[in-house]
Amino acid sequence: MSIAGKLGVAGAAEEADLLGLSAIQIFAKSPRSWKTRSLKPGEVEGFRARKENLGGLPSVIHASYLVNLAAEGELWEKSVFSLADDLAKAQALGIEYVVVHPGSGPAEKARAGALRARELAGLGKNGPWLLLENTAGGGEKLGASLHTLAELIEGTPLGVCFDTCHAFAAGYRLPEALDELEKSVGLHRVPVIHLNDSVGERGSQIDHHANLMEGQIGDELKNFVLDPRLEDKIFIMETPRGTLEDAHNLRVLRGWLGIA
Ligand SMILES: [Zn+2]
């Protein structure tokens, strides 16, 4: 959901209501710039009130695409600071989850970066849950292997956000990915699913999301959504936005769920 309108973050909740959604994801600032954005007067109250009216509306902030928690030097510092800013905003807004890609470089560095961001944000016990997302891989990108991602968060309070497009592009069959996720991460540590079809073939390492059933994944995607192990999960679509696209993706998803 966009926060570009005059209501800011509260506008995202408004749009969710219009579309009949039961969860949302936002960027709390431009995802392709280091510039931060401060919350406007009334924005926090406006969002919290709408969220409550919509039955709680579980919400996610996606961190900036520039963030690389596994980088060295200044890039690492900026990344940690940017993520801490998102965590602090989530805390202020009552947003439950913040999702970030682990970055490119040593896994140890990524883990330290994520933990440092939590520390800088001064998260309390009831603060947002920081989730590392699996990736499509390529180069030194962390998170393509679910096993490695599990090792990265072991012994930390971090969780995982699972993206269907990324897993497929990283070479997984979705049923196998889900088994692996259950075995090595534990599904109790995976509260959020990114539900996207994939433009690239399985194993292509192409991170390009497609509308549901218009990409390469096929029926595996429907079977994944309907897996009883994922009944209590929050599903977020990061599919191309537009009136027609939204209508298509929601129609497909609601059809699968039998709530069309
Ligand atoms: Zn995603």
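Only the coordinates and a few stated rules stand behind these numbers; no lab work does. Just so it is clear, the structure is predicted and the values come from calculations on it, not from any experiment. In this analysis, Cβ positions are derived from the backbone assuming ideal geometry, glycine residues included, and neighbour counts consider all displayed protein chains.
Annotation: extensible slack from D179 through H208 equals 8.1 nm (criterion: 0.36 nm per residue apart, minus Cα-Cα distance). Pairs of lysines in the chain whose Cα atoms sit within less than 21 Å of one another amount to 23, provided the residues are eight or more positions apart or on different chains. Over the residues of the chain, the helix contribution to mean residue ellipticity at 222 nm works out to -11500 deg cm²/dmol, using -39500 (n - 2.57) for each DSSP H run of at least 4.
By the compact-protein rule of thumb, 2.2 N^0.38 Å, the alpha-carbon radius of gyration of region 1-79 corresponds to a ratio of 1.24.
The C-alpha radius of gyration of the chain, expressed as a fraction of 2.2 N^0.38 Å, stands at 0.96. Split the chain at each of the chymotrypsin sites (Phe, Trp or Tyr not before Pro) in a DSSP loop with at most 15 other beta carbon atoms within 10 Å, and the longest piece is 66-260. Estimated at 0.36 nm per residue, the fully extended path between I259 and E238 surpasses their Cα-Cα distance by 5.5 nm. So for region 118-256, what percent of the C-alpha to C-alpha distances run longer than 26 Å? Here the long-distance tail beyond 26 Å is 23 percent of all Cα pairs in region 118-256. The longest stretch of the chain left intact once loop-based GluC sites (Glu not before Pro) with at most 12 other Cβ atoms within 10 Å are removed from consideration, loops following DSSP, is 155-230.
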